[in-house]
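The values are calculated or read from the model by the stated rules, or taken from the named source; none is laboratory data. These numbers come from a predicted model, not from an experiment. As a convention, Cβ positions derive from the backbone with ideal geometry for all residues, glycine included, and neighbour counts pool all protein chains shown.
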C-alpha cells in the first residue's frame with residue numbers, strides 16, 4: 001500500500017473513533033454510566049446510513065437521521081435499564097449489542113445480512129484519485145469531530161455538566177438537591193448513543209462496505225480503552241485515547257510484518273493494550289489527562305427567606321416486623337428551631353428520610369405549606385422549599401467547594417442540556433449572580449478561602465459546614481439537619497448552632513436531630529423526644545429537661 005494513503009487512512013480512523021470515545025466519555029466519564037453496548041449504537045448509525053445512502057437523500061441528511069435514530073434507540077434502552085440499576089445497565093447494553101448484531105446477521109433484508117452490503121461513497125467526483133478521496137473524507141470526519149467536540153465541551157462545562165458529575169458522585173445527594181437523576185441519566189445516554197451513531201455513519205461512509213462482523217463486542221472494549229487511557233471526564237483525554245489506541249493498533253500490524261512475529265497482530269494489539277491499561281490503572285488511575293474542573297465566577301450577595309410550616313400527622317413506617325416510626329405527629333412553625341432527640345435506633349433518621357421522600361410512609365400524611373408531600377420524590381420535595389443535610393456529609397468530593405454550592409441553586413437556566421449549549425449568555429449571567437451568593441454564604445461559614453478547592457480536601461467539620469451551606473444555597477424555607485454537631489469539636493459545633501440562629505432570624509425554619517443536648521436545648525424553641533418509634537415527650541427545652549420520662553430514657557441509655 002502507498003505509505004501516504006496508509007497514513008491518511010489512520011488519520012480518518014482516529015477522527016471516527018475520537019467521536020465514539022467522546023460519546024462514551026460523556027456517558028461514563030461525566031455521568032458514571034457503564035455503557036457496554038457502544039458497538040450496538042455504532043452499528044445502528046452505520047446500518048441506518050447504509051439503508052439511506054442508496055435512496056437519493058443528501059448524505060448530510062443521512063448522517064443526521066443516523067444520529068437521531070441511534071439517540072432515540074439509546075433513550076428507549078435506557079428507560080428500563082436505568083430503573084433496574086447501574087449493574088443492570090452494563091448487562092442490558094452488552095446483551096442488546098450482541099442480540100442486535102445477531103439479528104442483523106440473520107436477516108438478509110437488513111443490508112445483506114451475514115454477507116454485508118456495499119455503500120455508495122458520499123464524496124466522489126470524476127477523476128478523483130484515492131489520495132484525494134481520503135483527504136476529502138478527512139475534511140468531512142474532522143468537521144464532524146469539531147462540531148461534536150464543541151458540543152460536548154459546551155454541555156460538560158456548564159451547570160448541566162455540573163449536575164451530571166454530581167449524579168456520578170452521589171445520586172441520592174443530587175436528588176435531594178432537586179435533580180431528577182433518571183431524567184439526566186436518560187438524556188446523557190441518549191446524547192452518547194447519538195454521537196456513537198454519527199461515528200458509525202461516518203465509518204460506513206468511509207469504508208463503503210459493512211457486515212455484522214465489523215461490530216463485535218471488541219469495538220466496545222476498544223472504545224473503553226480509549227477513554228480509560230486518555231482520562232475519564234476529560235474531553236481532550238478522549239481524543240488522546242483515540243489517537244493512542246488507533247496508532248497502537250496500526251503499529252502492531254507494522255511491527256508484526258517488519259519483525260515477522262509468529263502471532264496474529266489483532267491478538268498482539270489487545271495483549272499489549274491490556275498490559276498498558278493495567279499499568280495505567282495501577283500508576284495513574286485517572287488516565288493520562290486528569291478530569292477538568294468546571295470554571296465558574298465568584299464575588300458576594302445576600303439571601304432572602306420565605307416563611308412556611310411543616311405538619312406531620314400519624315406517620316408510620318415498618319421494616320418487616322419492626323415498626324421504626326409509630327404514629328408520629330409533630331409541627332415545625334415559621335422561623336423556629338425544633339429539636340428531635342432520642343436514643344440511637346429510636347426512628348429519628350427514618351422520620352427525616354420519610355419527610356424528604358427518601359422513604360415512603362406506610363400510612364399517615366405530611367403537609368408543607370398546605371401541600372401534601374409524603375408521596376413525592378426527593379427532587380419534588382426539594383422543589384417545594386425543603387432542603388436537608390445528612391448525618392454523614394454526602395458531598396461531591398471531586399468537585400470544588402463552589403461547584404458543590406452551585407449545584408443546590410434552584411431553577412438554574414443552564415441545568416438543561418439544550419439551554420447549556422444554545423442559551424449560554426442567559427445562564428452565564430445567572431451563574432455569576434449565583435456564584436456571588438454562594439461566596440457570601442461560604443464567607444458566613446468561613447469557607448470562602450476554600451471555594452476553589454476540591455470538597456474532598458476539607459476536614460470533617462468543614463464538610464459539615466459545606467453541606468449546611470449547600471442546603472442554604474437552595475433558599476429553603478425549612479432545613480432538616482441530622483446531627484450537625486456530631487463528630488466535630490465543641491467550638492465548631494457551637495458555631496454551627498450560632499449560624500443557625502442567624503439564619504432563623506432571617507425567617508428560615510430548622511428541624512434538627514442532635515445528641516449534643518446542651519447545644520440544642522440552648523438554641524431550640526421546641527423539643528420532641530422519640531423512643532422506640534414514638535414521640536414520648538414534647539415541650540419547651542426547659543420543661544423537657546425536667547421531664548422524668550426524658551430523664552429515664554437518657555439515664556437508661558447511659
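Could you tell me whether any residue of the stretch 81-96 is in the same structural domain as residue 193 (by the TED database), modelled with pLDDT of 90 or more and under 30 Å from residue 8 (Cα atoms)?
Scanning the stretch 81-96 turns up no residue that is in the same structural domain as residue 193 (by the TED database), modelled with pLDDT of 90 or more and under 30 Å from residue 8 (Cα atoms).
In this structure, is residue 408 modelled with pLDDT under 90, in contact with a helix residue (DSSP H, G or I) (Cβ under 6 Å, 6 or more places away or on another chain) and farther than 27 Å from residue 522 by Cα?
Details: modelled with pLDDT under 90: yes; in contact with a helix residue (DSSP H, G or I) (Cβ under 6 Å, 6 or more places away or on another chain): yes; farther than 27 Å from residue 522 by Cα: yes.
Here the answer is yes, as residue 408 does meet what is asked.
Taking residue 71 as meeting all but one of (1) over 20 Å from residue 32 (Cα atoms); (2) surrounded by 19 or more Cβ atoms within 10 Å (Cβ to Cβ); (3) at pLDDT 95 or above, write down the number of the exception.
(1)
Does any residue of the stretch 347-361 turn out to be modelled with pLDDT under 90, in contact with a strand residue (DSSP E or B) (Cβ under 9 Å, 6 or more places away or on another chain) and either farther than 28 Å from residue 515 by Cα or in a helix (DSSP H, G or I) (or both)?
Scanning the stretch 347-361, I find no residue that is modelled with pLDDT under 90, in contact with a strand residue (DSSP E or B) (Cβ under 9 Å, 6 or more places away or on another chain) and either farther than 28 Å from residue 515 by Cα or in a helix (DSSP H, G or I) (or both), so the answer is no.
Which number in (1) in contact with a strand residue (DSSP E or B) (Cβ under 8 Å, 6 or more places away or on another chain); (2) closer than 30 Å to residue 311 by Cβ; (3) part of a loop (DSSP other than H, G, I, E, B) marks the one condition that residue 409 misses?
(1)
Considering 18, 46, which residue is crowded, with 24+ Cβ neighbours inside 10 Å, in the same structural domain as residue 136 (by the TED database) and touching a strand residue (DSSP E or B) at 6+ places or on another chain (Cβ under 6 Å)?
Values: 18 fails: touching a strand residue (DSSP E or B) at 6+ places or on another chain (Cβ under 6 Å).
46 is the lone residue from the list that is crowded, with 24+ Cβ neighbours inside 10 Å, in the same structural domain as residue 136 (by the TED database) and touching a strand residue (DSSP E or B) at 6+ places or on another chain (Cβ under 6 Å).
Determine whether the stretch 510-520 contains at least one residue that is under 24 Å from residue 343 (Cβ atoms), part of a helix (DSSP H, G or I) and at pLDDT 90 or above.
Checked against the condition, which is being under 24 Å from residue 343 (Cβ atoms), part of a helix (DSSP H, G or I) and at pLDDT 90 or above, the stretch 510-520 yields at least one hit.
Do we find a residue being assigned by the TED database to the domain that holds residue 310 and part of a helix (DSSP H, G or I) anywhere in the stretch 482-490?
Within the stretch 482-490 (the criterion being assigned by the TED database to the domain that holds residue 310 and part of a helix (DSSP H, G or I)), the answer is yes, since at least one residue qualifies.
Does residue 324 fit the bill of being assigned to a strand (DSSP E or B), touching a strand residue (DSSP E or B) at 6+ places or on another chain (Cβ under 7 Å) and more than 21 Å from residue 537 (Cα to Cα)?
no
If you go through the stretch 24-80, how many residues are part of a helix (DSSP H, G or I) and touching a residue at least 24 places away in the same chain (Cβ under 8 Å)?
Keep residues of the stretch 24-80 that are part of a helix (DSSP H, G or I), which gives 24-30, 38-53, 59-80.
Filter again for touching a residue at least 24 places away in the same chain (Cβ under 8 Å), leaving 24-30, 38-51, 53, 59, 62-63, 66-75, 77-79.
Result for the stretch 24-80: 38.
Filter the stretch 112-129 down to residues that are surrounded by 12 or more Cβ atoms within 10 Å (Cβ to Cβ) and modelled with pLDDT of 80 or more and give me whichever is farthest from residue 213 (Cα to Cα).
121
Look at the stretch 457-478 and say how many of its residues are touching a residue at least 60 places away in the same chain (Cβ under 8 Å), assigned to a helix (DSSP H, G or I) and under 22 Å from residue 161 (Cα atoms).
6
Report yes if some residue within the stretch 434-449 is within 22 Å of residue 399 (Cβ to Cβ), touching a residue at least 12 places away in the same chain (Cβ under 8 Å) and surrounded by fewer than 15 Cβ atoms within 10 Å (Cβ to Cβ); otherwise report no.
yes
Could you list all residues from the stretch 503-512 that are surrounded by 19 or more Cβ atoms within 10 Å (Cβ to Cβ) and more than 13 Å from residue 332 (Cα to Cα)?
Selection gives 503 alone.
Since residue 193 meets every condition but one in (1) modelled with pLDDT of 95 or more; (2) within 13 Å of residue 13 (Cα to Cα), which condition does it not meet?
Every condition holds for residue 193 apart from (2).
For the stretch 229-244, name all the residues that are surrounded by fewer than 24 Cβ atoms within 10 Å (Cβ to Cβ) and outside any loop (DSSP other than H, G, I, E, B).
236, 239, 240, 243, 244, listed by residue number.
Quick check on residue 249: is it out of contact with any strand residue (DSSP E or B) (no Cβ under 7 Å at 6 or more places or on another chain), assigned to a helix (DSSP H, G or I) and crowded, with 24+ Cβ neighbours inside 10 Å?
no
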